[in-house]
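The structure under discussion appears below in the form of C-alpha cells.
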Amino acid sequence: MLNKRLDIDSVIGRLSDGMTIGIGGWATRRKPMALVRALVRSSLKDLTVVSYGGPEVGMLAASGKLKKLVFGFVSLDHFPLDPYFRAARQAAALEVMELDEGMVYWGLRTAAMGMPFLPTRVGIGSDVLKNNPDIKLVTSPYADGEEFVAMPPLKLDAALIHVHAADQRGNCIVKSPDPFFDEIMSRAAKQVFVSAEKIVSTEELNIPENTRFTPFERSLVTGIVEAPFGAHPTGSSPDYGIDMGHLKEYAGGGTPEAWAAYRQKYVDLKDHAAYIAAVGGKEHISALPAPIY
Amino acid sequence: MTTESEYTLAELCIAAAAEAWRGEGETLATGIGLLPRLAVGLAVLTFSPDLMMSDSENMLVSEPIPVGPRKGYKPKFENWLPYDRVFSLLWSGNRHAMVGPVQVDRFGQTNISVIGDYKKPKAALLGVRGFPGNTASHPNSMFVPTHNTRSFVAGEVDVVAGIGYNPARFPKGYPKGLDLRMIVTDLAVMDFGGANHGIQVRSLHPGVTFEKVQENTGFPLLKAANMGTTPAPTAEQLKLIRERLDPHNLRATVFKDNPAGDRR
C-alpha cells in the first residue's frame, strides 16, 4: 500500500538550494503556510518562487530565501501591500519576473503540457514584454497573421499546496469555493508536496459525494503532511476564514526588527502545534469568520 | 425627474461612473474598488438590469450586495465564477471593468506595478495583476479619485501594465480587444473619443473649469464637441445609493473631507 505521509522536515529535506517552487492558493486564501514557515526555518537558499502572491512572499523575502519571484501580484487583500515584499522589491533584493496573472496560469499550463510555448494576447504591447525580454512573440500561421505572446513554460521543481483532506496514497479533496490554479501548478511540477487539514482513509474521502472537489489524480503527489489549520493565517474556506487580526500584526511590520520579532513569536517554534497555540489555538482559528467584501 | 439640491462628490461620481455600462446587456461588469462597485450596482438597479456581477470572490449574484456590514442580508447567488472561468470569460471579451490605476498617460496606458525605476523602484505597488490581459481583451474604464499631474502623467506611465492607444507599441495595429471607454475623476468625466483615440473631456463636474482639469493633467486634453456639466444624480439614484447600495455611507471615505458634488 502506497504511503506518502511525510513530516514537515522531510518535505524540506527533499528540496534543495536554487529550486523553483510553486506555491498554491491565491493571496490570502489556502496558502500552504505550515510548509512555508518550514521553508523560512530551513537552510535552503536562492529559491525561485512562482505564486499568486500572499503573505508567504513577504515571509520568504524577509528571511532571505528568495532569489527570484515569478508573480502577477503580491496582495494581502484587506491590507493591499505586503510590507516585506515591498521592502525587498524597493531594495532590489530579489529578481522579478512580473507577469499578468493570466500569463502565470498560461505559463504553468505550457509547462504542464510539455509545450515550448502557448500563444496568448495577454501581455501584448505591455511592459511585461519589455521587462522580460526572454518572452518572444509568435505570428499566427493562419490567414489572420496576428502576432501573439509565445508564453514559455513555467517549469517547477516542486509545488506546495494545501488541501482539506487527503488519503495516504495522494488522493485529495479541496472543498474551497475556488480551486484556484493548484491543479495546473501541480501538473507543472516535478514533485508535489501537499499539506492536508487531515489525512483520512480513502473511504472517508467520500469520493461519490465529493467528486467535483478532487483537484487531480494521486500520481502527481510526492508527499503528504498532515497539518490541521496549516493554511493559517490565510483562510481555508469553508473550514476557517482569514485571520485578519494576525495579518494586521504581520502587515504592520516591514522593518528587519519587526520581522525578527514576528519570526521569533510565530515561526521559530518547536512544531506546528506550537504555532497553533501561539496564534490563539484551534478554537480561535475555527471561529474565524469568512471575510466580507 | 427631480434632482436633489445637495449631493456629495462621491454620489456625483457614482452616477457618472454608472453610465459606463449604459446600454450593455449580459456582460460581466466588474468595479474594482468601492466607488466603481457602487456604480455597477447603480447601473444594474436602473438602466442595465441584465449585467452580470460577482460578489468580489467567486460567485455571481443577481442583485448588488450592499457594501459594508450586511446585517442579515443574504447575497442572491445565481452562479459560480472561479478564477479559471474568469480568465476564460475575460479573454473572450465579455467583460467591462472599471479599474483604479495609479498612473494614466495620454495613450490611456495604465500603471499599478511600481513607481520610479523598474529595477529599484521608489514604490512597489501590487504588480501588473490582470491589467495587460484585461486591456488586450475587453472594454475597460477607469476611476481616478485624485486628478493631478502625478496620476495623469506627462510622457508614458512608469510601467505599462494596461495597454493603450500608443501607436509606437502597435505598428501592426491595435489588438481587437483593446477598447478604453470612460475615465471618471474628482474633476471631470473623460473618454477616448478624440481624434486617434485622444482623451477628451466629456463633462466637467459642477464648479470645475476646463482650465483646472488641464492644469492638473500632464498632457494636453481635448474638449468633446458637446462638453457639458456632469449631471447631478437624480432623486431615484440618490435613494438607491443611500438606502440600498451603501447604507453605511462608506462612500464618504472615497474623497478627502467628503466634499459636496456641486462646487460652484
When you scan the stretch B:129-149, do you find a residue that is over 29 Å from B:Glu24 (Cα atoms), assigned to a loop (DSSP other than H, G, I, E, B) and more than 9 Å from chain A (Cβ to nearest Cβ), even just one?
yes
Taking only the stretch A:94-134 into account, find how many residues are basic (Lys, Arg) and either surrounded by fewer than 17 Cβ atoms within 10 Å (Cβ to Cβ) or modelled with pLDDT under 95 (or both).
1
The correct count of residues that are in contact with a strand residue (DSSP E or B) (Cβ under 7 Å, 6 or more places away or on another chain) and either closer than 21 Å to A:Asp182 by Cα or without any contact (Cβ under 8 Å) to a residue 40 or more places away in the chain (or both) in the stretch A:238-259 is 3
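Being in the same structural domain as A:Arg29 (by TED's automatic domain parsing), within 18 Å of B:Pro82 (Cα to Cα) and in a loop (DSSP other than H, G, I, E, B) narrows it down to one of A:Pro215, A:Pro233, so name that one.
On the way: A:Pro233 fails: within 18 Å of B:Pro82 (Cα to Cα).
Result: A:Pro215 is the single residue among A:Pro215, A:Pro233 that is in the same structural domain as A:Arg29 (by TED's automatic domain parsing), within 18 Å of B:Pro82 (Cα to Cα) and in a loop (DSSP other than H, G, I, E, B).
Determine which member of the set B:Pro66, B:Pro75, B:Pro49 is farther than 23 Å from A:Leu129 by Cα and either more than 11 Å from chain A (Cβ to nearest Cβ) or in a helix (DSSP H, G or I) (or both).
On the way: B:Pro66 fails: either more than 11 Å from chain A (Cβ to nearest Cβ) or in a helix (DSSP H, G or I) (or both); B:Pro75 fails: either more than 11 Å from chain A (Cβ to nearest Cβ) or in a helix (DSSP H, G or I) (or both).
Going through B:Pro66, B:Pro75, B:Pro49 in turn, just one is farther than 23 Å from A:Leu129 by Cα and either more than 11 Å from chain A (Cβ to nearest Cβ) or in a helix (DSSP H, G or I) (or both): B:Pro49.
Considering only the stretch B:218-264, how many residues are part of a loop (DSSP other than H, G, I, E, B) and either within 25 Å of B:Val44 (Cβ to Cβ) or among the acidic types (Asp, Glu) (or both)?
First, the residues of the stretch B:218-264 that are part of a loop (DSSP other than H, G, I, E, B): B:218-221, B:230-233, B:246-249, B:254-259, B:261-264.
Restricting the remaining residues to those that are either within 25 Å of B:Val44 (Cβ to Cβ) or among the acidic types (Asp, Glu) (or both) gives B:230-233, B:246-249, B:254-255, B:257-258, B:261-262.
Within the stretch B:218-264, residues that are part of a loop (DSSP other than H, G, I, E, B) and either within 25 Å of B:Val44 (Cβ to Cβ) or among the acidic types (Asp, Glu) (or both) number 14.
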Taking A:Met113 as the residue in question, decide whether it is more than 8 Å from chain B (Cβ to nearest Cβ) and either in contact with a strand residue (DSSP E or B) (Cβ under 8 Å, 6 or more places away or on another chain) or within 25 Å of A:Ala188 (Cα to Cα) (or both).
yes
Taking the stretch B:234-262 and keeping only residues that are open to solvent by 50 Å² or more (accessible area, probe 1.4 Å) and aliphatic (A, V, I, L, M), one is left with B:Leu250, B:Ala260
Can you confirm whether the stretch B:18-39 contains a residue that is under 23 Å from B:Val144 (Cα atoms), acidic (Asp, Glu) and in contact (Cβ under 8 Å) with a residue 24 or more places away in the chain?
yes
Any residue that is over 16 Å from B:Ala161 (Cβ atoms), of a type in the set (A, V, I, L, M) and not in a strand (DSSP E or B) - is there at least one of those in the stretch B:90-111?
no
For the stretch A:56-93, what are the residues that are open to solvent by 20 Å² or more (accessible area, probe 1.4 Å), within 11 Å of chain B (Cβ to nearest Cβ) and either part of a loop (DSSP other than H, G, I, E, B) or touching a Pro at 6+ places or on another chain (Cβ under 7 Å) (or both)?
A:Asp77, A:Pro80, A:Leu81, A:Gln90, A:Ala91, A:Ala92, A:Ala93
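Go over the candidates B:Asn94, B:Asn111, B:Asn58 one by one and state the one that is buried (at least 16 other Cβ atoms within 10 Å of the Cβ) and away from every other protein chain (no Cβ under 13 Å). Step through it out loud before you land on a result.
On the way: B:Asn111 fails: away from every other protein chain (no Cβ under 13 Å); B:Asn58 fails: away from every other protein chain (no Cβ under 13 Å).
B:Asn94 is the lone residue from the list that is buried (at least 16 other Cβ atoms within 10 Å of the Cβ) and away from every other protein chain (no Cβ under 13 Å).
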Could you check how many residues of the stretch A:170-212 are under 21 Å from B:Val86 (Cβ atoms), in contact with a strand residue (DSSP E or B) (Cβ under 8 Å, 6 or more places away or on another chain) and crowded, with 20+ Cβ neighbours inside 10 Å?
9
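The values are calculated or read from the model by the stated rules, or taken from the named source; none is laboratory data. Everything quoted here is computed from the prediction, not taken from an experiment. Cβ: placed from backbone, ideal geometry, glycine included. Neighbour counts: every protein chain shown. Accessible surface is based on the protein model in full, side chains and every heavy atom, while ligands, DNA and RNA are left aside. Shrake-Rupley method; radii C 1.70, N 1.55, O 1.52, S 1.80 Å.
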